[in-house]
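*Asks:* Supplied in structure tokens, the structure appears directly below.
The values are calculated or read from the model by the stated rules, or taken from the named source; none is laboratory data. Predicted model, so just to flag it, every value in this text is computed and none were measured. When we count neighbours, we look across all protein chains shown, and the Cβ atoms used for this are built from the backbone with ideal geometry, even at glycine.
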Amino acid sequence: MTKLEIEWPDAAAERVRAAKERVVLAGEALRARRFGDRLDVARAVLVDWTAADSPWRRELAGALSEATNFSEPTIREGLDAGLAAWDPDAFVACAQREIGAPLASQRAQLAPFSWTTVLTGGAIPMPTLLSALLPLVLGSPVLLRETSKDPVTASLLARSLAARDEDLARAFEPIAFPSDDAAAFEVALEAPCVVATGSDETLQSIERRLSPTQRFVRHGHRFSVAALGSALARNEPALTEAAHGIALDVARWDQSGCLSPVVVYLVGMVEGERRQVAERIAQSLDQISVEMPRGGITKDQAVSISNECSEARMRIDPDVGMLFEAAHHSVVLETEAQPRPAPLARFLRILPVDSEKALIQALAPFSGHLANIALAGFELSPTPDIHSAGPSAGIESLEMRLASLGVSRFTKPGRLQTPPVDWPHDGHSLFTPLARFTQSDSIGL
């Protein structure tokens, strides 16, 4: 539906209800297929999307450049890098571990939900692709609400499903309706399984409208950071690689999404080393922006970036901190690790902390909201042997201490925005949050 089209009251709700009835009906054929058959189709679709010369990915890049504010080079690079990290065989192996193994016991069976509603959020297409495929593999048809930030990915996925398998294609239907249409949402939220991505406030509002018997899989507010150790400043090749990687992570999808780094922590570096690292990251952003220019930004984003740069210019001691401003990005080297607003749109803060302990303390207030962390320049201690009686028993590595804050994945700079397909999003396994099992002890009795 275009912006110029106007629906009568409750018309959107009727469209959603009709779509729901279609996918529920299609669910009968979907569930009649073996789990392995559905998984094979999903793998084939992923092969189509991840192939180096994928026509689906090429078409999506063109459609997104017309429908969103991202520049086309940024879209192409983001899609190529993100989907190159998805291994269809790893997707199958994950499904076999989480679902196939219980089914192989012959005492557990899938009891698929009659239908699943997926409420997408954000503008990055990869989560939409994955969230649509998972319920289908489990035998649950999907009604997926598209967002205005990405009105094209789900429809293109539907076509690619149809090219592979009609049963799965009929069991997936994308639909758009206004975010303020309460009646349409009520119909969508009738699903026995609801998957939603959004702000914590949005998810709380959705949860209040669901019954205790409904499965609710939520993906709330998350963000990512990078932490660079002092060894990096003394290793020129490693510094060059890390600076380029961080700049790439910031530039991808214009720093939108939970995997975009909003802050870089410099751990245990002296003043000169901090300035060296900050300058190198700013230079790398300059270079990347030539090939991947930032897309259009909203007026509110422009005002926020301008205000934060002006405030930093007045606040920062130029002998200690630094401010780099360019047409497509801004980098602020702060003098202390105090939390400040994150305007995004390639606005990066660099914060100094004295030690790994200070890093943990700086991140502790954000426990439960940290997604991924990129690490470089650390000599990490080995994972402790909890069975050892020696003096090192119980000593935790930096990663283990950060994991206690709810971090789902550790990686290196340049890979924040390209997780593998089976990474534990929000600390959850891939398939089981959406699965429902039943067990029978009556066989042979």
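*Asks:* If you scan the range 316-362, which residues turn out to be more than 26 Å from the chain's Cα centre (by Cα) and more than 14 Å from residue 267 (Cα to Cα)?
*Replies:* Listed by number, the residues that qualify are 316, 317, 318, 319, 320, 321, 322, 323, 324, 325, 326, 327.
*Asks:* Can you pull out every residue in the range 300-338 that is in a loop (DSSP other than H, G, I, E, B) and surrounded by 12 or more Cβ atoms within 10 Å (Cβ to Cβ)?
*Replies:* Those that are in a loop (DSSP other than H, G, I, E, B) and surrounded by 12 or more Cβ atoms within 10 Å (Cβ to Cβ): 316, 320, 321, 326, 328, 329, 334, 335, 337.
*Asks:* For the structure I just gave you, tell me whether residue 227 is in contact with a strand residue (DSSP E or B) (Cβ under 8 Å, 6 or more places away or on another chain), in contact (Cβ under 8 Å) with a residue 12 or more places away in the chain and under 20 Å from residue 359 (Cβ atoms).
*Replies:* yes
*Asks:* Which of the numbered conditions does residue 243 fail, given that it passes all the others? Conditions: (1) outside any helix (DSSP H, G or I); (2) of a type outside the set (D, E, K, R); (3) at pLDDT 95 or above; (4) not assigned by TED's automatic domain parsing to the domain that holds residue 147.
*Replies:* That leaves (1) as the condition not met.
*Asks:* Looking at 161, 144, 136, can you tell me which residue is under 14 Å from residue 19 (Cβ atoms) and buried (at least 18 other Cβ atoms within 10 Å of the Cβ)? If you could, list the steps in order and put the result at the bottom.
*Replies:* Values: 161 fails: under 14 Å from residue 19 (Cβ atoms); 136 fails: under 14 Å from residue 19 (Cβ atoms).
After applying the criteria, what remains is 144.
*Asks:* Considering only residues of the range 347-365 that are of a type outside the set (A, V, I, L, M) and farther than 18 Å from residue 276 by Cα, which is surrounded by the most Cβ atoms within 10 Å (Cβ to Cβ)?
*Replies:* Result: 347.
*Asks:* So is residue 173 farther than 22 Å from residue 56 by Cα, modelled with pLDDT of 95 or more and of a type in the set (D, E, K, R) or not? Outline the logic, then answer.
*Replies:* Working: farther than 22 Å from residue 56 by Cα: no; modelled with pLDDT of 95 or more: yes; of a type in the set (D, E, K, R): yes.
In short, no.
*Asks:* Going by what's in this entry, would residue 61 be described as without any contact (Cβ under 8 Å) to a residue 40 or more places away in the chain, in contact with a helix residue (DSSP H, G or I) (Cβ under 8 Å, 6 or more places away or on another chain) and either surrounded by 18 or more Cβ atoms within 10 Å (Cβ to Cβ) or within 25 Å of residue 436 (Cβ to Cβ) (or both)?
*Replies:* yes
*Asks:* Looking at this structure, is residue 53 surrounded by fewer than 18 Cβ atoms within 10 Å (Cβ to Cβ) and over 25 Å from residue 135 (Cα atoms)?
*Replies:* Against the criterion (surrounded by fewer than 18 Cβ atoms within 10 Å (Cβ to Cβ) and over 25 Å from residue 135 (Cα atoms)), residue 53 qualifies.
*Asks:* Considering only residues that are surrounded by fewer than 20 Cβ atoms within 10 Å (Cβ to Cβ) and of a type outside the set (Gly, Ala, Ser), look in the range 248-279 and name the one that is nearest to the chain's Cα centre (by Cα).
*Replies:* Here the answer is 262.
*Asks:* May I ask you to list the residues in the range 175-206 that are assigned to a loop (DSSP other than H, G, I, E, B) and of a type in the set (Phe, Trp, Tyr)?
*Replies:* 177
*Asks:* Here's a check for you: in the range 207-240, which residue that is assigned to a loop (DSSP other than H, G, I, E, B) and among the basic types (Lys, Arg) is nearest to residue 119 (Cα to Cα)?
*Replies:* Residues of the range 207-240 that are assigned to a loop (DSSP other than H, G, I, E, B), as a first pass: 209-214, 220-222, 235.
Keeping just the survivors that are among the basic types (Lys, Arg) gives 209, 222.
Details: 209: 14, 222: 17 Å.
Among residues in the range 207-240 that are assigned to a loop (DSSP other than H, G, I, E, B) and among the basic types (Lys, Arg), the one nearest to residue 119 (Cα to Cα) is 209.
*Asks:* Going residue by residue through the range 250-269, is there one that turns out to be closer than 17 Å to residue 416 by Cβ, in the same structural domain as residue 349 (by TED's automatic domain parsing), in a helix (DSSP H, G or I) and β-branched (Val, Ile, Thr)?
*Replies:* Yes, some residue in the range 250-269 is closer than 17 Å to residue 416 by Cβ, in the same structural domain as residue 349 (by TED's automatic domain parsing), in a helix (DSSP H, G or I) and β-branched (Val, Ile, Thr).
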